[in-house]
Ligand code: C5P
């Protein structure tokens, strides 16, 4: 499956470095050619000898080794790879990558490459949550570097939390997805809405909802990874801007609609935002004073972005996908909603109390089209996004029929 793919692993000095050995073995089983660069501290965790034995190639680690430079310069190392994977990616190497520091062979290769880079972070939860790491990750994502994980769980340091490196099988799956799916939506444009909207009451108060934006952001990221030229129109969320995506930040439903209309024409539109159905008729520009009488708010309906984008016309995206967050019988409510909105597909989910869909990391959805309805198993929001992006790609480029 990875026959003839040349993968350069950059191994940095984290406790998870030993997991590289398993990854190298699995990559080679799939037919990939694996070459490895070790940082100096990585050699404290895994021996160059075991890495060389498993990869079947010389191991590179010294920027100033004349032999290495003679046989294979750092520029050539990065040119000779179809994909670079930093595994494990310590907080230190992520920081050096974010700043473009090139003070050893690993970081010099990373600076010299114009090939796709993935990184699998591995660090203590406090280091992962540190503001410096958060902003480094943000920069790297914006630069299009694909960050794999991390997972949550028990850590080697005895603490519990986010920062544990994803398993070799997950890294292998991401590498396979890159080579198999990458480019399937190349040449197509996609628009995604995500997050809640904030509808002002006065300068300090607003009407909002519990949407986290996790699902919409993951969809934008998944479409971009398949090669779509993707614009994400996002309401206020705590989510980082996904890498490789053009992100437009808005506050209100009306701003979201304007930004969407400006992004047209696109081939695909996915409306995952939880747009506020109403806004205050006349938001005031002075803070409303607490002077005894409770104010009453007069509301008016917001534009329906999904319905607007679904209207027939020259600019209508070829595939419009809406979301239906329902309580109760989702499968009964979603099909009429699809017809009412005029969209092609509806992704329906149950947001009843206890499902933890809003703000949570998993989702159980049903994909409803004009003629079919299918239920997907409970999955992470990332996996829902990847599955949906693949289904969208199938729609534009149907997979070849099985022999
Ligand atoms: O009507 P309801 O809010 O349940 O519809 C949900 C779907 O409609 C979602 O895809 C959401 O993004 C979209 N929507 C919209 N603009 C609105 C309300 C909902 O795009 N004003």
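Observations on the model:
- Cα long-axis angle, helix 381-396 against the chain (0 to 90 degrees, to the nearest 10): 80 degrees
- Mean-square fluctuations from a GNM of the chain, with a 10 angstrom spring cutoff on Cα atoms, peak among 173, 98, 393 at 173.
- Ellipticity estimate at 222 nm from DSSP helix runs (n ≥ 4, -39,500 (n - 2.57)) divided over the chain, nearest 500: -10000 deg cm²/dmol
- Crossing angle, helix 168-181 versus the chain [Cα axis fit, 0-90 degrees, rounded to tens]: 70 degrees
- Annotation: the residues 210, 318, sorted from fewest to most other C-beta atoms within 10 Å of their own C-beta, follow the order 210, 318.
- In region 1-134, the ratio of gyration radius to Kirkwood radius, Rg to Rh, stands at 0.95 when only Cα atoms are counted.
- Reported value for the chain: 175 Å³ per residue, from the convex hull of its C-alpha atoms.
- Cα long-axis angle, helix 214-225 against the chain (0 to 90 degrees, to the nearest 10): 50 degrees
- Largest first, the three principal axis extents of the alpha carbons in region 288-366 are 53, 38, 23 Å in whole numbers.
- Rg then Dmax, both in Å and based on the Cα atoms of region 209-287: 13.7, 47.
- Neighbour counts of C-beta atoms inside 10 Å place 221, 135 in the sequence 135, 221, starting with the fewest.
- Counting every other Cβ atom within 10 Å of each residue's Cβ, 202, 291, 344 order from fewest to most as 291, 202, 344.
- Percent of beta bridges antiparallel (DSSP, the chain, rounded to nearest 5): 30 percent
- Largest-first principal axis extents of the Cα set of region 189-402 (Å): 72, 36, 32
Only the coordinates and a few stated rules stand behind these numbers; no lab work does. Note that the coordinates shown come from a computational prediction; the quantities given were computed from them, not determined experimentally. Backbone-built Cβ (ideal geometry, glycine too); neighbour counts: all protein chains shown.
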